[in-house]
Amino acid sequence: MERKWWQDKVCYQIWPKSFQDSNGDGVGDIPGIIARLDHLKGLGVDILWLSPVYKSPLADQGYDIADYRGIDPRFGTLEDMDRLLAETKRRGMYVIMDLVANHCSDEHPWFRKALADPEGPYGRYFYFRKGENGAPPTNWRGYFGGSVWSPVPGRKDLYYLHLFCEKQPDLNWQNPAVRREVMEMVNWWLDRGVAGFRIDAIVNIGKPERWESFAPDRPDGLADCRKMLADPVARRRLHTYLGQLRDEAFAPHDAFTVGEVFDTDPAELSLFIGREGFFSSMFDFSAACWGKSPKGWYAAKKPGPDDYRDCAFASARQAAGIGFLSNIIENHDEPRGVSHYLPEEAASDPRAQKALAAVQMLLPGLPFLYQGQEIGMTNTVFPSIDGVDDVNTRGEYAAALAAGLSPAEALARVAPMSRDNARTPVQWTDGHAAGFTAGTPWLPVNPNYTRVNVQAQDGVAGSVLEFYKQLISSRKNDKYKEALVWGGFAPVHQEQPGLAAFVRDGGGRRLLVASNLSGGEQRLELPGAAGAVLLCSDGAPALTHGVLTLAPWQAAVVELA
Ligand code: TEU
């Protein structure tokens, strides 16, 4: 596989609204990020992905962009952004931005002009369609619930398409003028010094030729809009547009790009992340998708550690020899990984958090941390639906009520999946608002901040934070890099419940990564003669007669002789 500059890097997602506030308005901002760069450098991360900071009404927390070349005043200014680029460069770090181009905001001038004249040139930037007999053109349900069609004010029987919320009208990628706008904008940011992009909801840009209703799949009479993504014409269009982005923007800048790609056929993997792939990498969502139900979040099953292991291992095998997947246990759309994948009684246990970390960080591919993951932040508490900010959670709550659940049951079922879990402010200290802001945080801080915070863990031996630092530095250590970054991957005793173990080999070294993801002892016969124990999450593992014994929730990396 061809070597690229980003392959030995470790990435970190910043969700700016909740990272660090610098001016006391309760909302995180770019100067706040700059103030915390030394924490990130100390952790060992290289590439920072910034969720959207563009000008936006924040109807979907910035994933609704009103000006692609402007910074929202809540987050700072373009000068702040330039300063962030300079400050990261000085520290040998990189910044990638979020490319949100399946849709823009209904407050973007393009859409304003389109509404004023749907038949005019800006009308062709979006999808306007006539309804049928007073009903919308199709029965597609959007990602956040409800119809994907909203009526055009003042126009009888005319609708516009939005796969996400009604304030996020879909851009019409079939229009070459739209593609030109996106290419120019992407090049503008790359020329300014960003290293690349995380590419949002991108599989949705290819739309089918024929727009048809599907058989309803929920009591609301609608059908999941994702059904159209499998259409061969939609897929072909997607590939054409992504090829254009690669050739006219990403490749000339040697950018690092990571796609938010759901629903790929394994056969498409090389098209997306192979040698000439559209992107450098794409997220592995296989574990995140596990247990999700077409009925909605209320019917989702909670995965366990073995489900996480099996998904991650299957993806690693699929990508072997093709490219680098990006590995996550959480992001701004998902629950906190420790709450989601560990059994309830272990979610707050630092030992279990470290054991999960060892697996994610040392798998083949690129490790992505999400803010707060490095200190073991957990899901938050939901006293009532009124306190929920996330548009997605409110849609799923409505679906649960419609399915006949009581309000209390509906809240209890959707809360573990809520996007607010990962969006509470980062816990820096045990002081006012966890050190996130001098004011009132826009979303309440997780009440566990007095115990779980950066200050309590930084430099403290055995802490989750210090273990993440060790994992990252082993991946970067010249001695182990060949094995851990570019090396092979072989699962070990995958059939053993509660054990996640694998061998990484390369550069003449073989490293066994073994995590006990259970509350009982695990014994494992070493796949080779024992060498040295490189890393251990807690205490020292017992290594006798070729058998490794791991204490409950203990993880170890052992070099095999
Ligand atoms: O997410 C795309 C997407 O598919 C999500 O809607 C996902 O299904 C859902 O959030 C799971 O809870 C991206 C962004 O990551 C998300 O934050 C945005 O809301 C969305 O695009 C629209 O831009």
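Bear in mind that the values in this text are calculations on the coordinates, not laboratory data. Keep in mind that this is a model prediction, so the values were computed, not measured. Cβ placement follows ideal geometry from the backbone for every residue including glycine, while neighbour counts extend to all protein chains displayed.
Please pull out the direction-averaged projected area of segment 27-149, using the convex hull of its alpha-carbon atoms, in nm² to one decimal place. Show your work: numbers first, answer last.
On the way: hull surface 38.8 nm².
Averaged projected area of segment 27-149's Cα convex hull equals 9.7 nm².
Check cross-link reach from Lys156 to the lysines: straight Cα distance under 23 Å, and skip same-chain residues fewer than eight apart.
Qualifying lysines at Cα under 23 Å: Lys113, Lys130, Lys167.
Ala555's amide H: which non-local residues (gap 5+, or another chain) put their own amide H closer than 5 Å, with H modeled 1.01 Å from N in plane and none for Pro or chain starts?
Amide H to amide H, under 5 Å and 5 or more residues apart or across chains, Ala555 pairs with Asn516, Ser537, Asp538.
How big is the dipole moment of segment 320-445 about its Cα centre under a simple scheme where the beta carbon of each Lys and Arg is +1, that of each Asp and Glu is -1, and everything else is neutral? Debye, nearest 20, please.
Working: 7 positive and 14 negative charges, 42 e Å.
The calculation lands at about 200 debye.
Return the percentage of antiparallel bridges among DSSP beta bridges fully within the chain, rounded to the nearest 5 %. Mind showing how you got there, number by number?
Working: 41 of 68 bridges.
Given both bridge residues lie in the chain, the antiparallel proportion sits at roughly 60 percent.
Can you find, among Thr264, Trp290, Thr240, the residue farthest towards the positive end of the dipole of segment 196-298? Put +1 on the C-beta of Lys and Arg, -1 on that of Asp and Glu.
About the Cα centre, the residue reaching furthest to the positive side is Trp290.
Quote the relative contact order of the chain in percent (integer), defining contacts as alpha-carbon pairs under 8 Å separated by 6+ residues. Don't skip to the end; give the middle numbers.
Numbers: 1168 pairs, mean separation 72.8, N = 561.
Reported relative contact order: 13 percent.
DSSP loop chymotrypsin sites (Phe, Trp or Tyr not before Pro) in segment 1-81 with at most 15 other Cβ atoms within 10 Å of their Cβ, which ones?
Working: sites: Trp5, Trp6, Tyr12, Phe19, Trp49, Tyr54, Tyr63, Tyr68, Phe75; in loops: Trp5, Trp6, Phe19, Tyr63, Phe75.
Hits after loop and neighbour filter: Trp5.
Assigning unit charges at the beta carbon (Lys, Arg +1; Asp, Glu -1) and nothing else, what dipole magnitude in debye, to the nearest 20, does the chain show about its Cα centre?
Values: 59 positive and 70 negative charges, 144 e Å.
Result for the chain is approximately 700 debye, rounded to the nearest 20.
Could you tell me whether segment 112-257 comes out rounded, prolate or oblate from its Cα gyration tensor? Rule is a ≥ b ≥ c as square roots of the eigenvalues, rounded for a/c under 1.5, then prolate if a/b exceeds b/c, otherwise oblate. The partial results should precede the final answer.
Details: a/c = 2.29, a/b = 1.62, b/c = 1.41.
It is prolate, given that a/c is not under 1.5 and a/b is the larger ratio.
Among Leu512, Pro73, Pro444, whose Cα sits farthest toward the positive end of the charge dipole of the chain (+1 at Cβ of Lys/Arg, -1 at Cβ of Asp/Glu, about the Cα centre)?
The residue sitting most towards the positive pole is Leu512.
Which order do peptides 423-433, 130-140 fall in by mean Cβ count within 10 Å, highest first? Could you put the intermediate results ahead of the total?
Details: 423-433: 20.4, 130-140: 15.2.
Top of the packing list down: 423-433, 130-140.
Run lengths n ≥ 4 of DSSP H only: what is the helix-derived mean residue ellipticity at 222 nm for the chain, with -39500 (n - 2.57) per run over all residues, to the nearest 500? Each step should come with its number before you reach the end.
Values: 16 runs with 151 residues, N = 561.
Taking each H run of at least 4 residues, the total per residue is -7500 deg cm²/dmol.
Peptides 510-522, 329-341: what's the order by average Cβ count within 10 Å, highest mean first?
Values: 510-522: 22.2, 329-341: 24.1.
The packing order, highest mean first, is 329-341, 510-522.
Hey, with R₀ at 56 Å, roughly what FRET efficiency would Arg275 and Val381 work out to, going by the Cβ-Cβ distance, to 0.05?
Numbers: r = 47 Å, r/R0 = 0.84.
It comes to 0.75.
Relative to the present Cα-Cα distance, how much length would full extension add between Ala561 and His239 at 0.36 nm per residue of separation? Write out the running numbers ahead of the final one.
Details: separation 322, 0.36 × 322 = 115.92 nm, distance 4.59 nm.
Gain on stretching Ala561 to His239: 111.3 nm.
Using label points projected 7 Å from each Cα along Cα→Cβ, tell me how many nm separate Asp220 and Ala412, to one decimal.
In this crude label model, Asp220 to Ala412 measures out at 2.4 nm.
Straight-line reach from Lys292: which lysines fall under 18 Å, measuring Cα to Cα and dropping same-chain residues less than 8 apart?
Partners found: Lys227, Lys301, Lys302.
Trypsin sites (Lys or Arg not before Pro) within segment 185-223: which are DSSP loop residues with at most 10 other Cβ atoms inside 10 Å?
Numbers: sites: Arg192, Arg198, Arg210; in loops: Arg210.
Filter output for segment 185-223: Arg210.
Could you tell me the relative contact order of segment 1-65? Use alpha-carbon pairs under 8 Å, at least six residues apart, and round to a whole percent. Don't skip to the end; give the middle numbers.
Details: 76 pairs, mean separation 20.7, N = 65.
It rounds to 32 percent for segment 1-65.
Ala542 to Leu78: extension gain in nm, 0.36 nm per residue of separation minus the Cα-Cα distance? Spell out each step's value before the answer.
Numbers: separation 464, 0.36 × 464 = 167.04 nm, distance 5.45 nm.
Working it through step by step, the gained length comes to 161.6 nm.
Which order, highest average first, do 302-308, 497-503 follow once you tally other Cβ atoms within 10 Å for each residue and take the mean per peptide? The partial results should precede the final answer.
Numbers: 302-308: 19.4, 497-503: 22.6.
Sorting 302-308, 497-503 by mean packing, highest first, produces 497-503, 302-308.
Once a ≥ b ≥ c are taken as the square roots of the eigenvalues of the Cα gyration tensor of segment 443-520, is the result rounded (a/c under 1.5), prolate (a/b larger than b/c) or oblate (a/b not larger than b/c)? If you can, show how the numbers build up before the last one.
Working: a/c = 2.99, a/b = 1.59, b/c = 1.89.
Taking the square roots of the gyration eigenvalues as a ≥ b ≥ c, segment 443-520 is oblate.
Skipping prolines and chain starts, which residues have an amide H placed within reach, meaning under 5 Å, of the one on Lys55, given they are 5 or more residues away or on another chain?
Hits under the 5 Å cutoff: Ala66, Asp67, Gly70, Ile71, Asp72.
In whole Å, largest first, what are the principal axis extents of the Cα atoms in segment 1-93?
42, 28, 21
Can you tell me how segment 518-561 classifies by the Cα gyration tensor, rounded, prolate or oblate, using a/c under 1.5 as the rounded cut?
Working: a/c = 2.37, a/b = 1.42, b/c = 1.67.
The shape class here is oblate.
Which loop-located GluC sites (Glu not before Pro) does segment 163-219 contain, where loop means any DSSP state but H, G, I, E or B and the Cβ has at most 15 other Cβ atoms within 10 Å?
Details: sites: Glu166, Glu181, Glu184, Glu209, Glu212; in loops: Glu166, Glu209, Glu212.
Passing both the DSSP loop test and the Cβ count: Glu209, Glu212.
Just name one of His493, Tyr160, Pro137: the one whose Cα is farthest towards the positive end of the charge dipole of the chain (beta-carbon charges, Lys/Arg +1, Asp/Glu -1).
Value: His493.
Taking the Cα centre of segment 93-239 as origin, sum charge times position over the Cβ atoms of Lys and Arg (+1) and Asp and Glu (-1), and report the length of that vector in debye to the nearest 20.
Numbers: 21 positive and 19 negative charges, 52 e Å.
The calculated dipole for segment 93-239 is roughly 240 debye.
Kindly give Rg over Rh for segment 179-276, based on alpha-carbon atoms, with the Kirkwood expression for the hydrodynamic radius. List each step's numbers first, then the result.
Details: Rg = 15.8 Å, Rh = 15.1 Å.
In segment 179-276, Rg relative to Rh is 1.05.
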